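Participant: Dropping the structure in here first, questions after.
The values are calculated or read from the model by the stated rules, or taken from the named source; none is laboratory data. Remember, predicted model here, so these are calculated numbers, not experimental data. Positions of Cβ are generated from backbone atoms using ideal geometry, with glycine treated the same way; all protein chains shown enter the neighbour counts. Accessible surface areas use protein heavy atoms only, side chains included; no ligands, DNA or RNA. Shrake-Rupley method; radii C 1.70, N 1.55, O 1.52, S 1.80 Å.
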Amino acid sequence: MSEEKEKLLSKEFLFSDEYEAEEEETDVKTYSFQTFFNIFNANMGTGILAMPYVIRLTGYWGVLLIILVGILGNYTGKILIKCLHENTPEESFNKHTYADLGEAFWPRYGRRMVHIVNFVEQFSHCILFLIMCGTVMHHTFPDSGISESIWITITSLLVLPVAYVKNMKHISHISLLTVIVAMGSSTCVLGYSLYHHGQWKTHNFSPFNFRHMAIAMGIVTVTYSSNAYLPAIEKSMKYPAEFNAMMNFTYTLVTIIKYNYGILVFFCFGKHTEQIMTLSLPSSPFRVFLSVAVIITALLFYVVPMFTLYHIFENELDIPILKKLGNEPLKCNTYCTPRRVSRFLIILASIVVAIFVPHFGLLMSFVGGLTGTCLVYVFPCLFHVKLHHKTLPWHNIALDVMIIIFGVVSCTCGVVYSALQIAKEYDFYKMWGIEPDTD
């Protein structure tokens, strides 16, 4: 596969303006199978590892939840693309990206609104990768006496060189590797579960619990938050008319994989199902191997959302101090530039949050509630109704309004319940693996 086509495999590259400029230059177009993989890649990353935990929280309701989010994500993704191609009399510019739709919706602040929400989303993904590393290391070496937060601190040192990343040259390979390792690790756990089918407890499900449903909703939403990349995916297609069909097929397949992996692995481990499914395996060299693979992949993939953060922070948010200072070397150190310092600060901020909130599943739920619901449910329907309310049938408007309300309620409940649970489980002494001074 050519280097230009490999770039289409990186979902973060698909969101950047740099991709659009290069696509115009090289006129690279993708066929249907490549479009399928791009959409699949955007919805099937490391989030698959958390699906059994969703079933543990919600029982059979989790299957319905995964199916519902898949249906809604498919619908909102398609209306997002529809809004890009259908102009209204009030519009005076062409729309190519999610941010362009934000500007059409709210000319003064819409573009910045979309970029800020996406910035928070990508920043949170960076934090989740660091927490994943700390959690996996802590469970893989439980006798080391090192807490999750200290493991996060140690592994975080390996991501500091990300501040020096200058281009997207190897991002597509990293993105592809992440999907392969996540699916491979999950399939290994699934194979173990199927092999031990005699131990399954198919009736050991949790009863309906609204708080758990709200937390699970956030987790599942994160795994479907690919809408920001769909405009560039559709634009890259050689036959754009096939986009809706590819969305239907890909989202159906992704949804089937997610709920099957989730429920079948849960059958085997039951109440002992961990937030990251590979940690549910009994201690063995095989589990250590899978854990190391997940850690290496998480550390490598950290650069993908972080590079998107650089692009948004440096080029889209119009930070006054960056404009004023430019990118000239600082007087105190000729090797330091304002841009490089800001990158180190962003990395440091992600490390600090990961250290002090080392709860993978709960933070994933918080992120899904805070930003995922906006990007997947609220924004596409808001844009659709606002830009096309004069031509939409009343039932389409009613459906969009219902999805907006669903998104707002999911956002509120997910953020509140996950934040309360994080606060409940927060323990400074336990976090650092030390005993409190009782004197």
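Participant: From the list T178, T187, T202, pick out the single residue that is closer than 17 Å to I296 by Cβ and modelled with pLDDT of 75 or more. Please lay out each step first, then the result.
Facilitator: Numbers: T187 fails: closer than 17 Å to I296 by Cβ; T202 fails: closer than 17 Å to I296 by Cβ.
The match here is T178.
Participant: Right, another one. Considering only residues that are aromatic (F, W, Y) and outside any loop (DSSP other than H, G, I, E, B), look in region 303-359 and name the one that is modelled with the highest pLDDT. Steps first, please.
Facilitator: Taking region 303-359 and keeping what is aromatic (F, W, Y), we get 307, 310, 313, 335, 344, 356.
Pick out the ones that are also outside any loop (DSSP other than H, G, I, E, B) and you get 307, 310, 313, 344, 356.
Details: F307: 83, Y310: 85, F313: 84, F344: 88, F356: 85.
This residue is F344.
Participant: Quickly run through region 129-141 and pick out the residues that are open to solvent by 10 Å² or more (accessible area, probe 1.4 Å) and in a helix (DSSP H, G or I). Let's see the steps before the verdict.
Facilitator: Let us first name the residues in region 129-141 that are open to solvent by 10 Å² or more (accessible area, probe 1.4 Å), namely 129, 135, 137-141.
Answer for region 129-141, where residues must be open to solvent by 10 Å² or more (accessible area, probe 1.4 Å) and in a helix (DSSP H, G or I): F129, T135, M137, H138, H139, T140.
Participant: With respect to F36, is the statement that it is out of contact with any strand residue (DSSP E or B) (no Cβ under 9 Å at 6 or more places or on another chain), surrounded by fewer than 21 Cβ atoms within 10 Å (Cβ to Cβ), farther than 29 Å from L317 by Cα and at pLDDT 80 or above true? Step through it out loud before you land on a result.
Facilitator: On the way: out of contact with any strand residue (DSSP E or B) (no Cβ under 9 Å at 6 or more places or on another chain): yes; surrounded by fewer than 21 Cβ atoms within 10 Å (Cβ to Cβ): yes; farther than 29 Å from L317 by Cα: yes; at pLDDT 80 or above: yes.
Taking the combined requirement at face value, the residue satisfies it.
Participant: Sticking with this structure for a sec: Given (1) open to solvent by 30 Å² or more (accessible area, probe 1.4 Å); (2) assigned to a helix (DSSP H, G or I); (3) β-branched (V, I, T); (4) over 19 Å from M213 (Cβ atoms), where does T391 come up short, assuming only one miss?
Facilitator: Among (1) open to solvent by 30 Å² or more (accessible area, probe 1.4 Å); (2) assigned to a helix (DSSP H, G or I); (3) β-branched (V, I, T); (4) over 19 Å from M213 (Cβ atoms), T391 violates only (2).
Participant: When both residues are 6+ apart or on different chains and their Cβ atoms are under 6 Å apart, which pairs have a first residue that lies in region 62-78 and is touching a residue at least 60 places away in the same chain (Cβ under 8 Å) and on the phi < 0 side of the Ramachandran plot, and a second that is surrounded by fewer than 18 Cβ atoms within 10 Å (Cβ to Cβ) and in a helix (DSSP H, G or I)?
Facilitator: K78/N244
Participant: Exactly one condition in (1) under 22 Å from V353 (Cα atoms); (2) surrounded by 14 or more Cβ atoms within 10 Å (Cβ to Cβ) is false for L177; which is it?
Facilitator: Failed condition: (1).
Participant: Continuing with this model, one more query. Step by step: first the residues of region 259-304, then only those that are open to solvent by 20 Å² or more (accessible area, probe 1.4 Å) and of a type in the set (G, A, S), then the one that is nearest to S175 (Cα to Cα). Which residue is that?
Facilitator: Checked region 259-304; the qualifying residue nearest to S175 (Cα to Cα) is A293.
Participant: Please give the number of the condition Y75 fails out of (1) of a type in the set (S, T, Y); (2) open to solvent by 10 Å² or more (accessible area, probe 1.4 Å); (3) modelled with pLDDT under 95.
Facilitator: Against the list (1) of a type in the set (S, T, Y); (2) open to solvent by 10 Å² or more (accessible area, probe 1.4 Å); (3) modelled with pLDDT under 95, Y75 comes up short only on (3).
Participant: Can you find, within region 394-403, the residue that is farthest from the chain's Cα centre (by Cα) among those that are of a type in the set (V, I, T) and either under 22 Å from N87 (Cβ atoms) or open to solvent by 30 Å² or more (accessible area, probe 1.4 Å) (or both)? Please lay out each step first, then the result.
Facilitator: So the first thing to find is which residues in region 394-403 are of a type in the set (V, I, T), and the list is 397, 401, 403.
Okay, now just the ones that are also either under 22 Å from N87 (Cβ atoms) or open to solvent by 30 Å² or more (accessible area, probe 1.4 Å) (or both), so 397, 401.
Working: I397: 28, V401: 25 Å.
So, considering only residues that are of a type in the set (V, I, T) and either under 22 Å from N87 (Cβ atoms) or open to solvent by 30 Å² or more (accessible area, probe 1.4 Å) (or both), the one farthest from the chain's Cα centre (by Cα) is I397.
Participant: Sticking with this one: Within region 338-361, track down each residue that is open to solvent by less than 30 Å² (accessible area, probe 1.4 Å), without any contact (Cβ under 8 Å) to a residue 60 or more places away in the chain and not hydroxyl-bearing (S, T, Y).
Facilitator: P338
Participant: Separate question: Only one of (1) closer than 30 Å to L420 by Cα; (2) surrounded by 23 or more Cβ atoms within 10 Å (Cβ to Cβ); (3) in contact with a Leu (Cβ under 7 Å, 6 or more places away or on another chain) is not met by S206, so which one is it?
Facilitator: (2)
Participant: A further question follows. Which count do you get for residues in region 364-388 that are more than 17 Å from L84 (Cα to Cα) and either surrounded by 24 or more Cβ atoms within 10 Å (Cβ to Cβ) or not aliphatic (A, V, I, L, M) (or both)?
Facilitator: Going through region 364-388, the residues more than 17 Å from L84 (Cα to Cα) turn out to be 364-374.
Restricting the remaining residues to those that are either surrounded by 24 or more Cβ atoms within 10 Å (Cβ to Cβ) or not aliphatic (A, V, I, L, M) (or both) gives 364-369, 371-374.
Here the count works out to 10.
Participant: Taking the residues in region 235-259 that are aromatic (F, W, Y) and at pLDDT 90 or above as candidates, determine which candidate is farthest from G47 (Cα to Cα).
Facilitator: Filtering region 235-259 for residues aromatic (F, W, Y) gives 239, 243, 249, 251, 259.
Now drop any that are not at pLDDT 90 or above, which leaves 243, 249, 251, 259.
Values: F243: 24, F249: 20, Y251: 15, Y259: 12 Å.
Among those residues, the one meeting the criterion is F243.
Participant: List every residue pair whose Cβ atoms lie under 6 Å apart, where the two residues are 6 or more positions apart in sequence or sit on different chains, the first residue falls within region 197-217 and is more than 18 Å from S365 (Cα to Cα), and the second residue, located anywhere, is among the aromatic types (F, W, Y).
Facilitator: Matching pairs, first to second residue: W200/F267; T202/F267; F205/Y60.
Participant: Would you mind finding the one in N118, N87, N94 that is surrounded by fewer than 16 Cβ atoms within 10 Å (Cβ to Cβ) and within 25 Å of N315 (Cα to Cα)?
Facilitator: Values: N118 fails: surrounded by fewer than 16 Cβ atoms within 10 Å (Cβ to Cβ); N87 fails: within 25 Å of N315 (Cα to Cα).
N94 is the lone residue from the list that is surrounded by fewer than 16 Cβ atoms within 10 Å (Cβ to Cβ) and within 25 Å of N315 (Cα to Cα).
Participant: Moving on to the next point. Looking only at region 97-109, which residues are within 14 Å of C381 (Cα to Cα) and open to solvent by less than 10 Å² (accessible area, probe 1.4 Å)?
Facilitator: Correct list: Y98, L101, G102.
Participant: Please work out which residue is least open to solvent (accessible area, probe 1.4 Å), limiting yourself to region 192-203 and to residues that are among the polar types (S, T, N, Q) and touching a Phe, Trp or Tyr at 6+ places or on another chain (Cβ under 7 Å).
Facilitator: The initial filter retains those residues of region 192-203 that are among the polar types (S, T, N, Q), namely 193, 199, 202.
Narrowing the set further to residues that are touching a Phe, Trp or Tyr at 6+ places or on another chain (Cβ under 7 Å) leaves 193, 202.
Details: S193: 0, T202: 52 Å².
Filtering first and then ranking leaves S193.
Participant: In region 258-265, is there at least one residue being without any contact (Cβ under 8 Å) to a residue 24 or more places away in the chain, in a helix (DSSP H, G or I) and of a type in the set (F, W, Y)?
Facilitator: No, the conditions are met nowhere in region 258-265.
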